[in-house]
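Below: the structure, in structure tokens.
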Amino acid sequence: MRNLHPTLLLPLLTLSCGPKDPSATEPKGAAGISSPEEIRTFVEKTEEVLGQLWVVQENAWWNHETDINPETAAVAADVESQVMAAVGAAVAESAHFADVKVDPVTDRKLALMRRSTTLPAPDDDDARAELAGLVTEMPGLYGQGQYCVDDNCRRLEELSDVLAEGKDPEAMLDAWVGWRTVSPPMRPLYERFVELGNAGAVEMGYSDLGVLWRSGYDMPADDFAVEVDRLWGQLAPLYEQLHCYTRAKLSDHYGAEVVPPQGPIPAHMLGNMWAQDWSSLYPLLAPYPDEPAVNITSALEAGPTSAEDMVRYGEKFFTDLGFDPLPESFWERSMLVRPDDREVVCHASAWDPDHDGDLRLKMCIRPTQEDFFVIHHELGHLYYFWEYRGLSPLFQSGAHDGFHEAIGDTLLLSVTPRYLQELGLLETLPDPERAVLNEQMRVALERLAFLPFSIVVDQWRWKVFSGEVTPEQYNAAWWNLRTKLQGIESPVPRSEADFDPGAKYHIPANTPYTRYFLSSVLQFQLHRGLCDVAGFEGDLHTCSIQGNAAAGARYKQMLAMGASQPWPDALEVVTGQRQMDAQAMVDYFAPLMTWLEEQNEGQTCGW
Ligand code: X8Z
Ligand code: ZN
């Protein structure tokens, strides 16, 4: 494993990034670089340095997130500062030769370098250190979050269970409000983070941090925002039908005082802490509730199924398609269960700290269907790392971030009840006629219900970064968007003493979220492409590519490209299309939509 001690890095940086002394007479960037050949050399050297830094950075974060304490935090923050300095210097330097025509590979690398960070810092040591401290402290607060009443302290998992069980609306309200006591301390940190991150983005030539984030898609930032709206426009009518049916059923079940039959749905009643995944409502919403549910949780619990067994199931799906088994080091180095001797960040994530096949999973696995799915999601990331590990550092990335999120979830569309039965996790298969709608509902509660939330998180941040939403409006703006797009509302009055956005991991962790919306669209598009490669003919929702070598080979071909080409090239490999398109998702859910429209007849849908 390549591993550098942080103190080794400074000379490397000075070497390739030119003089940092502000009193030096030579203007920054005027280090004589002007010819295409010199630019190519600069890019190669910078890439090498950044590649080494990223390895140190990922190791430091791994150490911190698997053992949250002041020492690991200090190391992570220190390395973070160094990465920000290095990327900032490289981008500043490259601005001086933006107009020089260079070879296509260098050109691509320059573009990737300019968008290689979601966290630019101002070119000032103190500001950088402060920002690095903030982005280390915030996820630490989230990871250690607990809601305590007297001596009874509960973490996110336990509070989430109360919502998923759906038994007692008062207990659900308490769990929902309780988790949101974790985030108010993040508010002043977030406010400062926005100031510093924006200042860094401006120094990089972007008008704010949101513009930098929207610039990562091989198209102008403004066009990207329009693209998201276009895709959502294709899908919003489907969501509205699901929302309408769900609201009516919840209102019948819990009573109109708890869930009013009109208007937005109270956010604590959808079975999930953020109302982003409604899967746990399945027993209430299944079109044929008397059919056996596709739910493998009890079989996994009964197994008993260890965390390692859970990952083996996911690995098998990939190896059946022709992928390699996970490397031995994966099993030695991963964190698969919550340790009881230290604080960790349990939110699942996939890692490759040496950027060369050092695959690791960090997750607090429990034997549930939800975690079975999350493991496939994470393995999607890991196999992407694995397939592109031979590329140069700047190309070791997803075609865009939505691709990275879509790899495992695309394959989950091929995890059918029959396959689960083959694994011995499902005893009885539902009646084939009735299974279609039930299965569609199951997938819709997970993936269709998720769509507007996956837009809200960054719509809010984009407004915060641009200044359209000021700190005095943080919470109100969050709920405006939640209501507008998701059709939900807070069950109790909220105020600007709250910081509800911070109760979602990706806000304190500074992880962009539009990627999951794009992923949702891409999953169905890629699924259709892979089904075509497999020679499947028929309705999209009946296709499974499980075990299909041709589909596996084509998928690998796309993964191996990493970010070396603009994303439309990668998309084309699997789908033949060069545009993201939600039509495959619309087609997939056609049977459910017809059924929902019938059920909703006579109802006033919308909110
Ligand atoms: O954060 C994740 C993954 C890691 S990339 C577990 N997801 C989003 C979330 O949990 O909010 C996957 C689905 C959406
Ligand atoms: Zn992911």
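For residues that are among the small types (Gly, Ala, Ser) and within 14 Å of ligand 1 (Cβ to nearest atom), scanning just the range 503-530, find the one that is farthest from the chain's Cα centre (by Cα). Break it down stepwise before answering.
If we filter the range 503-530 for residues that are among the small types (Gly, Ala, Ser), which is where we start, we get 503, 509, 519-520, 529.
Now drop any that are not within 14 Å of ligand 1 (Cβ to nearest atom), which leaves 503, 509, 519-520.
Working: Ala503: 15, Ala509: 11, Ser519: 9, Ser520: 11 Å.
Looking at residues that are among the small types (Gly, Ala, Ser) and within 14 Å of ligand 1 (Cβ to nearest atom), I get Ala503.
Quick one: in the range 200-220, of everything that is of a type in the set (Gly, Ala, Ser) and under 17 Å from Pro568 (Cβ atoms), which residue is surrounded by the most Cβ atoms within 10 Å (Cβ to Cβ)?
If we take residues in the range 200-220 being of a type in the set (Gly, Ala, Ser) and under 17 Å from Pro568 (Cβ atoms), then Gly216 is surrounded by the most Cβ atoms within 10 Å (Cβ to Cβ).
Being of a type outside the set (A, V, I, L, M, F, W, C) and more than 20 Å from Arg366 (Cβ to Cβ) is the filter here, so list the residues in the range 149-177 that pass it.
Asp150, Asp151, Asn152, Asp168, Pro169, Glu170, Asp174
Please determine whether any residue of the range 322-332 is within 29 Å of Met441 (Cβ to Cβ) and either at pLDDT below 95 or outside any helix (DSSP H, G or I) (or both).
Taking the range 322-332 and keeping what is within 29 Å of Met441 (Cβ to Cβ), we get none.
Checked against the condition, which is being within 29 Å of Met441 (Cβ to Cβ) and either at pLDDT below 95 or outside any helix (DSSP H, G or I) (or both), the range 322-332 yields no hits at all.
Given the conditions (1) closer than 19 Å to Thr511 by Cα; (2) within 14 Å of ligand 2 (Cβ to nearest atom); (3) open to solvent by less than 30 Å² (accessible area, probe 1.4 Å); (4) out of contact with any His (no Cβ under 7 Å at 6 or more places or on another chain), and given that His381 satisfies all but one, which numbered condition is not satisfied?
(4)
So which residues in the range 58-77 are over 20 Å from Tyr505 (Cα atoms) and either polar (S, T, N, Q) or in contact with a helix residue (DSSP H, G or I) (Cβ under 6 Å, 6 or more places away or on another chain) (or both), if there are any at all?
Matches in the range 58-77: Asn59, Val75.
Quick check: anything in the range 561-568 modelled with pLDDT of 95 or more, of a type in the set (Phe, Trp, Tyr) and touching a Cys at 6+ places or on another chain (Cβ under 7 Å)? Can you show your working first?
The initial filter retains those residues of the range 561-568 that are modelled with pLDDT of 95 or more, namely 561-568.
Checking the rest, the ones that are also of a type in the set (Phe, Trp, Tyr) come to 567.
Filter once more, keeping what is touching a Cys at 6+ places or on another chain (Cβ under 7 Å): none.
Checked the range 561-568: no residue is modelled with pLDDT of 95 or more, of a type in the set (Phe, Trp, Tyr) and touching a Cys at 6+ places or on another chain (Cβ under 7 Å).
Condition first: away from ligand 1 (no atom under 16 Å from the Cβ), touching a Ser or Thr at 6+ places or on another chain (Cβ under 9 Å) and closer than 28 Å to Arg554 by Cβ. Can you find one or more residues in the range 356-370 that meet it?
Yes: one or more hits.
Every residue, every condition in (1) more than 23 Å from Ile68 (Cα to Cα); (2) away from ligand 2 (no atom under 12 Å from the Cβ); (3) touching a strand residue (DSSP E or B) at 6+ places or on another chain (Cβ under 9 Å), yes or no:
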position: Pro353; (1), (2), (3): no, yes, yes
position: Ile365; (1), (2), (3): no, yes, no
position: Phe373; (1), (2), (3): yes, no, no
position: Glu387; (1), (2), (3): yes, yes, no
position: Gly398; (1), (2), (3): yes, no, no
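Going through the range 272-282 one residue at a time, which ones are open to solvent by 10 Å² or more (accessible area, probe 1.4 Å) and away from ligand 2 (no atom under 16 Å from the Cβ)?
Listed by number, the residues that qualify are Asn272, Ser279, Ser280, Leu281, Tyr282.
Among Glu433, Glu446, which is the only one that is open to solvent by 20 Å² or more (accessible area, probe 1.4 Å), within 16 Å of ligand 1 (Cβ to nearest atom) and either within 19 Å of the chain's Cα centre (by Cα) or more than 30 Å from Ala275 (Cβ to Cβ) (or both)?
Answer to the check: Glu446.
Any residue at all in the range 387-401 that's within 24 Å of Gly547 (Cβ to Cβ), part of a helix (DSSP H, G or I) and under 14 Å from the mean Cα position of the chain (by Cα)?
For the range 387-401, residues within 24 Å of Gly547 (Cβ to Cβ), part of a helix (DSSP H, G or I) and under 14 Å from the mean Cα position of the chain (by Cα): absent.
Looking at the range 114-136, is at least one residue modelled with pLDDT of 95 or more, open to solvent by less than 20 Å² (accessible area, probe 1.4 Å), touching a Pro at 6+ places or on another chain (Cβ under 9 Å) and under 23 Å from Asp352 (Cα atoms)?
yes
Given the conditions (1) in contact (Cβ under 8 Å) with a residue 40 or more places away in the chain; (2) open to solvent by 10 Å² or more (accessible area, probe 1.4 Å); (3) basic (Lys, Arg); (4) within 16 Å of ligand 1 (Cβ to nearest atom), which single one is not true for Arg338?
Failed condition: (1).
Determine whether Leu141 is over 23 Å from Asp340 (Cβ atoms) and part of a helix (DSSP H, G or I).
So Leu141 fails the test.
Taking only the range 347-384 into account, find how many residues are over 25 Å from Ser414 (Cα atoms) and of a type in the set (Gly, Ala, Ser).
Within the range 347-384, residues that are over 25 Å from Ser414 (Cα atoms) and of a type in the set (Gly, Ala, Ser) number 1.
Grab the helices (runs of 4 or more DSSP H) fully contained in the range 413-473, keeping just those with 2 or more residues being out of contact with any strand residue (DSSP E or B) (no Cβ under 7 Å at 6 or more places or on another chain) and hydrophobic (A, V, I, L, M, F, W, C). First the steps, then the outcome.
Numbers: elements: 417-422, 432-447, 451-466.
Once the helices (runs of 4 or more DSSP H) in the range 413-473 are filtered for at least 2 residues that are out of contact with any strand residue (DSSP E or B) (no Cβ under 7 Å at 6 or more places or on another chain) and hydrophobic (A, V, I, L, M, F, W, C), what remains is 432-447, 451-466.
Can we say Phe373 is surrounded by 21 or more Cβ atoms within 10 Å (Cβ to Cβ) and either assigned to a helix (DSSP H, G or I) or of a type outside the set (A, V, I, L, M) (or both)?
Taking the combined requirement at face value, the residue does not satisfy it.
Exactly one condition in (1) within 10 Å of ligand 1 (Cβ to nearest atom); (2) open to solvent by 30 Å² or more (accessible area, probe 1.4 Å); (3) closer than 29 Å to Ser544 by Cβ is not met by His347; state its number.
Tallying (1) within 10 Å of ligand 1 (Cβ to nearest atom); (2) open to solvent by 30 Å² or more (accessible area, probe 1.4 Å); (3) closer than 29 Å to Ser544 by Cβ, His347 fails exactly one: (3).
In the range 298-329, which residue that is among the acidic types (Asp, Glu) and without any contact (Cβ under 8 Å) to a residue 24 or more places away in the chain is surrounded by the fewest Cβ atoms within 10 Å (Cβ to Cβ)?
Glu328
Does the range 350-363 include one or more residues that are over 24 Å from the mean Cα position of the chain (by Cα) and crowded, with 16+ Cβ neighbours inside 10 Å?
Within the range 350-363, not a single residue is over 24 Å from the mean Cα position of the chain (by Cα) and crowded, with 16+ Cβ neighbours inside 10 Å.
Of all residues in the range 115-128, how many are within 27 Å of Asp401 (Cα to Cα) and part of a helix (DSSP H, G or I)?
Keep residues of the range 115-128 that are within 27 Å of Asp401 (Cα to Cα), which gives 115-123, 128.
If we keep only those that are part of a helix (DSSP H, G or I) too, we end up with 128.
Of the residues in the range 115-128, 1 are within 27 Å of Asp401 (Cα to Cα) and part of a helix (DSSP H, G or I).
What is the residue count in the range 505-532 for residues that are open to solvent by 40 Å² or more (accessible area, probe 1.4 Å) and more than 23 Å from Val228 (Cβ to Cβ)?
Looking only at that region, the number is 1.
Mind listing just one residue for me: the one in the range 459-504 that is surrounded by fewer than 18 Cβ atoms within 10 Å (Cβ to Cβ) and among the aliphatic types (A, V, I, L, M) and, of those, nearest to ligand 2 (Cβ to nearest atom)?
Per the criteria, the residue is Ala476.
Can you tell me which residue in the range 505-536 is nearest to ligand 2 (Cβ to nearest atom), limited to those that are part of a loop (DSSP other than H, G, I, E, B) and within 30 Å of Ala553 (Cβ to Cβ)?
Ala534
So which residues in the range 173-193 are in contact (Cβ under 8 Å) with a residue 60 or more places away in the chain and more than 26 Å from the chain's Cα centre (by Cα)?
Leu173
Assess whether Leu411 counts as being under 15 Å from the mean Cα position of the chain (by Cα) and either within 14 Å of ligand 2 (Cβ to nearest atom) or modelled with pLDDT of 95 or more (or both).
In short, no.
The values are calculated or read from the model by the stated rules, or taken from the named source; none is laboratory data. Quick caveat, the model's predicted, so the values are computed rather than measured. Cβ: placed from backbone, ideal geometry, glycine included. Neighbour counts: every protein chain shown. Just so you know, the surface numbers come from the protein's heavy atoms only, side chains and all, with ligands and any DNA or RNA stripped out. Shrake-Rupley method; radii C 1.70, N 1.55, O 1.52, S 1.80 Å.
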